Amino acid sequence: MSENCCAKKKERTETEYKSLMNRLSRIEGQIRGIKNMLDNDAYCIDILTQVTAVSSALNSFGKELLSDHIKTCVANDIKNGNDEIIDELLNTLQKMMR
């Protein structure tokens, strides 16, 4: 059985951290923009267009994080003989594909 996600930690490089935080900051700005659009009675299609953009941005964030996870955490665990990481990854991929 894999550990609770909160019990594990990952040290990220400054580059990784900045890239992920920049993406999240842009997404946060997009969400604020959608709130403003709603406050200002924007047309439904215009709001939906922005919702689609946020959804795409979150997917890109997830892909970047997943890629980094596979290249670092998963690769290191496999090298160290921890094959349970494969099941953890497969479970995560199944959740992401819902």
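The values are calculated or read from the model by the stated rules, or taken from the named source; none is laboratory data. Only a predicted model underlies this, so the values are computations on that prediction, with no experimental measurement involved. Reconstructed Cβ throughout: ideal geometry from the backbone, glycine too, with neighbour counts over all protein chains shown.
For region 49-98, a tally of residues being surrounded by 11 or more Cβ atoms within 10 Å (Cβ to Cβ) and over 30 Å from E28 (Cα atoms) returns 9. Answer yes or no as to whether E16 is assigned to a helix (DSSP H, G or I), modelled with pLDDT under 95 and either touching a Leu at 6+ places or on another chain (Cβ under 9 Å) or not hydroxyl-bearing (S, T, Y) (or both). It is true that E16 is assigned to a helix (DSSP H, G or I), modelled with pLDDT under 95 and either touching a Leu at 6+ places or on another chain (Cβ under 9 Å) or not hydroxyl-bearing (S, T, Y) (or both).
In the set (1) charged (D, E, K, R); (2) touching a residue at least 12 places away in the same chain (Cβ under 8 Å); (3) not in a helix (DSSP H, G or I), the condition left unmet by R23 is number (3). Applying a threshold of 9 Å to beta carbon distances and a minimum spacing of six or more residues, or different chains, the list of pairs starting in region 28-40 at a residue that is free of Cβ contacts under 8 Å to residues at least 40 places away in the same chain and more than 15 Å from L58 (Cα to Cα) and ending at one that is surrounded by 10 or more Cβ atoms within 10 Å (Cβ to Cβ) and acidic (D, E) reads M37/D46. Sub-7 Å Cβ pairs linking a first residue in region 76-98 that is closer than 16 Å to K10 by Cβ to a second residue that is not in a helix (DSSP H, G or I), at least 6 apart or interchain, are E88/S2, ordered by first then second residue.
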